[in-house]
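The values are calculated or read from the model by the stated rules, or taken from the named source; none is laboratory data. What you see is a predicted model, and the numbers here were worked out from it, not measured in a lab. As a convention, Cβ positions derive from the backbone with ideal geometry for all residues, glycine included, and neighbour counts pool all protein chains shown.
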Amino acid sequence: MNVRSVGILLLALAVGVGGFVVFFLGVGMPVSHTSYYQYDGTIATNETLHNVTVYLPLPTENGAALVDAANVTVETEDGAADWDVAVVDTPHGPMLALTADRVEGERYYLVHEFDENGSHVSWEKVPEDELPADMTNKKAYPEPTYYRFSVSVWLDDRVDVVDPVANASVLRPVENLTPGACEPYWENDENAACATFETPAYVQYDTTADNVVRLSVEQRGVNEWGYGLSNSFNEFVQEAEGHYAGSQDGWVTMEGQLYTGLGDETR
């Protein structure tokens with residue numbers, strides 16, 4: 001092989017290796033990009049509820065609900081309820097309405113078993129009347145009956161994860177927004193910020209005086225992109241919850257946190 005042929009071969013190898021590096025190590029434009037919202041909610045109760053009506057805050061876009069009630073299915077592992085789901089107009093804007101004549105609730109326990117040296121062996125979920133008589137090397141943690149729902153909304157445009165209250169779909173209304181009043185979602189994230197806020201919910205049901213019902217909702221706005229084997233993302237996370245004892249009939253306040261600028265980029 002002459003010198004010219006060797007040079008051509010080396011050039012071809014260099015171009016091939018360079019193309020491999022560009023594609024697989026993330027140099028150049030993204031080969032994929034996805035943006036979406038994720039809306040999740042939970043109703044948790046230790047005892048059965050009767051004549052239930054709950055209004056929960058929804059993510060909105062230009063004053064309209066981002067979530068379609070037809071896409072909301074409430075699921076549970078342990079209880080039972082015949083839920084009616086709708087989006088209703090309220091004095092606080094559109095909200096997700098969950099209604100049912102009867103919502104089963106029971107106090108469960110997560111029973112963890114440990115070895116004599118303290119290492120964890122196993123765990124099981126049991127109702128209160130099936131707690132082991134012998135709790136040697138065991139610990140029991142109370143666990144309510146959960147009803148959960150989850151909805152994803154896929155987008156054509158990127159989500160603003162830095163200032164979502166102004167430029168994205170968040171749980172509304174956002175009241176008493178206070179920047180810097182909570183701990184960061186992740187440590188050592190220079191672009192991340194945190195703020196507390198309040199948002200209303202409506203709760204109506206009959207239950208025992210000592211039963212505590214927990215309501216929680218979460219909204220995420222996520223951007224994901226990839227360069228072959230190199231992938232990245234950024235997001236905002238908005239959480240709100242409330243704990244309410246005994247029977248209820250009226251508007252209540254949910255306490256929330258808004259985490260912004262999470263992830264690798266904030267563009």
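Considering only region 203-218, I want to know if a residue exists there that is buried (at least 17 other Cβ atoms within 10 Å of the Cβ), touching a Phe, Trp or Tyr at 6+ places or on another chain (Cβ under 7 Å) and among the hydroxyl-bearing types (Ser, Thr, Tyr). Working first, answer last.
Let us first name the residues in region 203-218 that are buried (at least 17 other Cβ atoms within 10 Å of the Cβ), namely 203, 205, 207, 211, 213, 215-218.
Checking the rest, the ones that are also touching a Phe, Trp or Tyr at 6+ places or on another chain (Cβ under 7 Å) come to 203, 213.
Restricting the remaining residues to those that are among the hydroxyl-bearing types (Ser, Thr, Tyr) gives none.
Among the residues of region 203-218, not one is buried (at least 17 other Cβ atoms within 10 Å of the Cβ), touching a Phe, Trp or Tyr at 6+ places or on another chain (Cβ under 7 Å) and among the hydroxyl-bearing types (Ser, Thr, Tyr), which makes the answer no.
Among the candidates Pro179, Pro173, the residue that is surrounded by 13 or more Cβ atoms within 10 Å (Cβ to Cβ), out of contact with any Asp or Glu (no Cβ under 8 Å at 6 or more places or on another chain) and not charged (D, E, K, R) is uniquely Pro173.
Give the residue that is nearest to the chain's Cα centre (by Cα), with candidates limited to residues of region 69-94 that are assigned to a strand (DSSP E or B) and closer than 19 Å to Ala44 by Cβ. Ranking the candidates gives Glu75 first.
The test for being of a type outside the set (S, T, N, Q), touching a residue at least 60 places away in the same chain (Cβ under 8 Å) and either more than 30 Å from Thr48 (Cα to Cα) or not assigned by TED's automatic domain parsing to the domain that holds Val52 (or both) does not hold for Val121. Number of residues in region 213-242 that are at negative phi and more than 22 Å from the chain's Cα centre (by Cα) equals 4. Checked against (1) modelled with pLDDT under 95; (2) in the same structural domain as Asn234 (by TED's automatic domain parsing); (3) at negative phi, Gly63 meets all criteria but (3). Among the strands (runs of 3 or more DSSP E) confined to region 144-232, the ones with at least 1 residues that are touching a Gly at 6+ places or on another chain (Cβ under 8 Å) are located at 145-155, 193-206, 212-227. Only one of the listed residues (Glu106, Glu124, Glu116) is acidic (Asp, Glu) and assigned to a strand (DSSP E or B). That residue is Glu124.
I'd like the full set of residues that are under 17 Å from Ala64 (Cα atoms) and β-branched (Val, Ile, Thr), limited to region 86-104.
Result: Val87, Val88, Thr90.
Number of residues in region 72-108 that are small (Gly, Ala, Ser) and in contact (Cβ under 8 Å) with a residue 60 or more places away in the chain: the value is 4.
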